[in-house]
Structures are given as structure tokens and as C-alpha cells.
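Enquirer: I'd like to ask you about the structure that follows.
Quick note: the coordinates plus some simple rules give every number you see, no bench work behind them. Worth saying up front: this structure is predicted, and the values here are computed from it rather than measured. Backbone-built Cβ (ideal geometry, glycine too); neighbour counts: all protein chains shown.
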Amino acid sequence: MPEMKKIATRESYGEALAELGREHENLVVLDADLAGATKTGTFKKVFPERHIDCGIAEANMMGIAAGLSTCGKVPFASTFAMFAAGRAYEQVRNSIGYPHLNVKIGATHAGISVGEDGATHQCNEDIALMRTIPGMVVINPCDDTEAKAAVKAAYEYEGPVYLRFGRLAIPVLNDPETYKFEIGKGIVMREGTDVTIVATGLCVGNSLEAAEKLAEQGISAEVINIHTIKPLDEELIIASARKTGKVVTVEEHSVIGGLGSAVCDALCAAYPAPVLKIGVNDTFGESGPAKDLLVKYGLDADSIAAKVKGYLS
Amino acid sequence: MTNKELKKIANDIRKGIVTAVFHAKSGHPGGSLSAADILTYLYFEEMNVDPAEPKKADRDRFVLSKGHIAPGLYSTLAHREFFPVEDLKTLRHVGSYLQGHPDMKHIPGVDMSSGSLGQGLSAAVGMALAGKMDQKDYRVYCMCGDGEIQEGQIWEAAMKAGHLGLDNLCVIVDNNGLQIDGNVADVCSPYPIADKFKAFNFDVIEIDGHDFDQIRGAFTAAKDNKGKPTCIVAKTHKGQGVSFMTDQAGWHGKAPNEEEYKIAMADLEKAGEE
């Protein structure tokens, strides 16, 4: 298999903003002194007058975004997931979520693949926090193609959206020529009959690779890409669970409250199938190269394959 | 409007506050009453708003950052005919659109949902910034409490407003001196308030928040101020207009009983005759 092109979804975010900015004058971008890292700097280069650097004050940035949106702007408030969902949780809930304002939150550097910066900057809780806010859409794209499409869809959607991006360059799985993104619609990436692997974000690529390895061992795994954790494509997940009878969730997020919990919530009422949740267990991350951390925390293809195999036997 | 006319409206608004909180059996009368004169001036004299078209694009905006004085804002909006005065009696009742704290989704004339202290000023900065970006000439007013400015986010917002030189933004600090746990100076002193806002690049005007000449003078000066946001520090009395509530921290968030309600309304009736 030829080596796939790798791009970090934060790069996709910056590029998508710059492209959308050309079409839509009401699109504005906010950042909190991280324009170089969140890649909103890409937008800033083209539209400096529509890029508002709020300084290191994320709570205020969320409020400014809320105010801008009431005046017809479509703000993309950008910072690391730790500060967007963590630091500014209550501002997002009360100033954006409660009035259901048209604010998009671009949260980069999510999960342990932040790498060397370590636990203080590795947010494994953001999906859990954001999906409890009524009316909040939560999207975690799996590659460059999907990330760009998600940014466009978020712009077109009227209401608050949380977009989760990563720092680490990851393979481009989807062909931009044929790829179709729809908020709330999961995608079957690979069909199978023995087990359903439901993955999100960078774990989609790793799960596909794991499915290859499992196939070599005679296990037929179905891989579903859930880019939208809320609203969740329950129908697709339940249908696949009915077919295979066993479900595994894979996410670069705490096993508490994220994709795994959302899938269990959906299944428990409709079709209570056994679920193995693979993610960051109830622990903080640590410093190290992202790839090594993904191995250590069991989110690489080999680890996923081994866990699925163990679960089935 | 003459000061006499404004005073009469403010008195009616105070009656609406007391009535709303009495019927809700909870709520925040003290700060609502301290802010009533400024709210009256804003909605009846200063702001470009239209009850027939509450969302019109070029309207002036008001953000009640100290959202717990919703009874004050609601009574003002009702008397300005955004919705029926009679509805004030449904405040905080199940099914009523008059939520305990301002809800922009359901209440005509409310420009921003608020209530969690410290957050409104940031939204007001966003509104003022949008006005500047679009070269619109609407103005944005934001009322904060003197206890509320203990919240750090207020100073994040003030720093950005000063940095951007948002001269279309006017912050009013309702300096009634009291918060739930007592005197603001004893709990965690925000003083000197004026110097703090000056340090954040605001033009600051200090007034008696119950004197309509001073209120008029301050808002007129704020409009003429170029290149800087304005902060009006308004010295007020918590519970102003109701004898037993005046300057009493205990009336921050408590409803009057039937007897107290009658006394309060009698106080306001009497003031209305003067």
C-alpha cells in the first residue's frame, strides 16, 4: 500500500476558513493568542480585518463571539480544546448554548496526540463536556477532507457547533472529489459481519488499519466513522450492531462521556448489545511524541486489533 | 422628556418590579430598584429602540450583565410597551416567558441572555465590535453590578474594549455598594472602580445614579466621547424608593410578603404623587 498523504486537521481548519472567508463576508475568526498553532493565521493572512485576536482570554473570546453572532456575524472562536471546552465551558454553555447562538468553536490540539506539552494541554474530556449542552453539535473529523467539509457544513448550519481538530498529521482517508459530508450522518468505511468498530477522529484511520490486520486473522470487522458525535447517527449504529452483535468504540478521548458513552446511550434503549470502549482510560495524559503516546495508550492499529480480537474470543 | 416625566416613569417601573417579585415569591428587588432610574433613562430617552420591531438591525443594544435584576429590565421593557405590564405578574412562573434571568430567545426587547455574572460585558464588546466592523452607528450599553466586577472576565472584556477603543460602548456600573454577603468593600473591594476602568483605557464619568440631570449629562458625554469606551460609575442605593429595602443587603434577592408588599407599594404611590 502506498504511503498516504498526511495532514493535521488543524491545518485543514485554517485552510477551510480562508477559503470560506472568500465566499462569506460575515465570517469572522477569533483566536486567543494561538493563531500560529490553531492555524487561523492562514485566514489572518488573507483577511486580517476579520481576524480578532482576543489575547489570552478564552472566556472573553467566547462572549465576544456570542455578541458578534447576535449582529449577523458567523464567528469561529478558536483555541486549544482544553481552553475552548475546559476553561470556557460555562461561557460556552450560558452565553452561546443557552441562547442557541450561531457561534462555531474551532478546538484544536484535542486528545493525547498534542504530544510533548503533556497532560495540562491534552484535553480528553471535551466531547463529554460539549455533548451535554442542549442544542450543541459536536463534530470530530477523521482527516483533512472531512475536516474541511465539516468547517463548511458548520458555517452553513444555523446554531452552535463544536469542531474538534488535532495537532498530529494523520493520513488523508477520503477523496475530496467524491466525499460527501452531512452533519449527523455516520459513514460505513468498511463492511464486516463479526464486529462493529465505531470510531471517531484520528482513530478512524487506525481502526481501518486494525480491521485490515483482523481480516488477516479471519475476523470481519465493520468500521463506522462517526464524525458527528451529536446528533449521533443512532440508526446506522443500531443497524450495524444488529448485524454483528458486538460493538467496539474507539476514540482519542476519555472512555467516560465521549463517543463510547454516546454509543452506549443509543444502544441501551434500542438494542442493548455488548460494547467494548477503547479510549483514554480514567487517567491524565503525559509528555512524549504523539505516536508513542498513541501506542502507550492503546490507540494505534496494533493495539486496537489486539483488543478487538481479545474481546471477540 | 422632562425630569419630572422620567421620574414618574421610573416610579411606575419600580411598582412593576415590586409587583413582579411579590408574585414570583422570589427574585432580586434591591438591585432592580437601584438601577431603575438609569434603565428608565436608557429606554425612554437615550436608546434607539422600537417595541414594534425589537430586532431591527440598527437599534441600540443593551446587555444586562448583572442579569439577576431581570425584574428591573422586564418592568422597563413592559412600560416601554415591548410586552404587557400585566405579564410581569408571571415572572418566574412555570410556562411564563419571563424567566428568572434574561432570555433573549423568548422575551421581546432582550438583546442578550445573561445571569451568570461576568459574561455580559464580553457579549457587549462583541456587539460593539460588529458595529465598528460594519460601520454602523448603533451604540451598545452594558450594565454591570459593583459586586459583579469581582469576576475576572469583566476585566478581560474591559481590556479588549479599551484596546480596541470601542467608543460605541458604554458600561454602567450600578454602584449600590452591596452584594449578597454584605458590603462590597468588605467582601472583596472593587474600589477604586473609576481608576480601574481608567487604567483599562476607558473614559470614566462618576454620577449620582438617581439624579436625572447627572444621568443625562453622563450619557450625552459618553456619546460625544471619541476613541475610547465610556464607563459610567453610578452611585446608587440598593432598594431605592422602598423605605425598608433601601441600603439593605438583605433585600438583594428576597421577595416581600403581603404586608411588606403593601408598604412598598404605598411608598411608591406616595412618591408618585410628589
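Enquirer: Just give me the residues in region A:210-255 being of a type in the set (Asp, Glu), over 20 Å from A:Tyr271 (Cβ atoms) and touching a strand residue (DSSP E or B) at 6+ places or on another chain (Cβ under 9 Å), in sequence order.
Expert: The answer is A:Glu212, A:Glu251, A:Glu252.
Enquirer: Next question, about the same structure. Against the conditions (1) of a type in the set (Val, Ile, Thr); (2) part of a loop (DSSP other than H, G, I, E, B); (3) within 14 Å of chain A (Cβ to nearest Cβ), where does B:Val63 fall short? Just the number, please.
Expert: (2)
Enquirer: Give me the residue from region B:91-139 that is among the aliphatic types (A, V, I, L, M), under 19 Å from the mean Cα position of the chain (by Cα) and more than 8 Å from chain A (Cβ to nearest Cβ) and, out of that set, surrounded by the fewest Cβ atoms within 10 Å (Cβ to Cβ).
Expert: Checking each candidate, the answer is B:Leu117.
Enquirer: (1) within 30 Å of B:Lys226 (Cα to Cα); (2) surrounded by fewer than 20 Cβ atoms within 10 Å (Cβ to Cβ); (3) not hydroxyl-bearing (Ser, Thr, Tyr): which one isn't true of B:Asp181, the others all being true?
Expert: So B:Asp181 meets the others, but not (1).
Enquirer: Checking B:Asn201 against (1) in contact with a His (Cβ under 8 Å, 6 or more places away or on another chain); (2) farther than 23 Å from A:Val28 by Cβ; (3) without any contact (Cβ under 8 Å) to a residue 60 or more places away in the chain, only one condition comes out false. Which one?
Expert: Looking at each condition in turn, B:Asn201 falls short on (2).
Enquirer: Kindly check whether there is at least one residue in region A:216-230 that is closer than 28 Å to A:Gln122 by Cβ and part of a loop (DSSP other than H, G, I, E, B).
Expert: So far as region A:216-230 goes, yes, one or more of its residues are closer than 28 Å to A:Gln122 by Cβ and part of a loop (DSSP other than H, G, I, E, B).
Enquirer: Let me ask something additional. Got a sec? Which of A:Ile96, A:Ile56 is more than 8 Å from every other protein chain (Cβ to nearest Cβ) and surrounded by fewer than 24 Cβ atoms within 10 Å (Cβ to Cβ)?
Expert: After ruling out the rest, the residue left standing is A:Ile56.
Enquirer: Kindly establish whether B:Asn175 is crowded, with 21+ Cβ neighbours inside 10 Å and either of a type in the set (Ser, Thr, Tyr) or more than 14 Å from chain A (Cβ to nearest Cβ) (or both).
Expert: Here the answer is yes, as B:Asn175 does meet what is asked.
Enquirer: Kindly indicate whether B:Cys170 is within 13 Å of another protein chain (Cβ to nearest Cβ), in a strand (DSSP E or B) and either among the hydroxyl-bearing types (Ser, Thr, Tyr) or within 26 Å of B:Thr220 (Cα to Cα) (or both).
Expert: Judged against the criteria, B:Cys170 is not a match.
Enquirer: When both residues are 6+ apart or on different chains and their Cβ atoms are under 6 Å apart, which pairs have a first residue that lies in region B:43-66 and is under 20 Å from B:Asp167 (Cα atoms), and a second that is polar (S, T, N, Q) and loosely packed, with under 13 Cβ neighbours inside 10 Å?
Expert: B:Arg59/B:Asn48; B:Asp60/B:Asn48
Enquirer: While we're on this one: Scanning for something out of contact with any strand residue (DSSP E or B) (no Cβ under 8 Å at 6 or more places or on another chain) and either within 12 Å of chain B (Cβ to nearest Cβ) or surrounded by fewer than 24 Cβ atoms within 10 Å (Cβ to Cβ) (or both), does region A:27-35 turn up at least one residue?
Expert: No - not one qualifying residue is present in region A:27-35.
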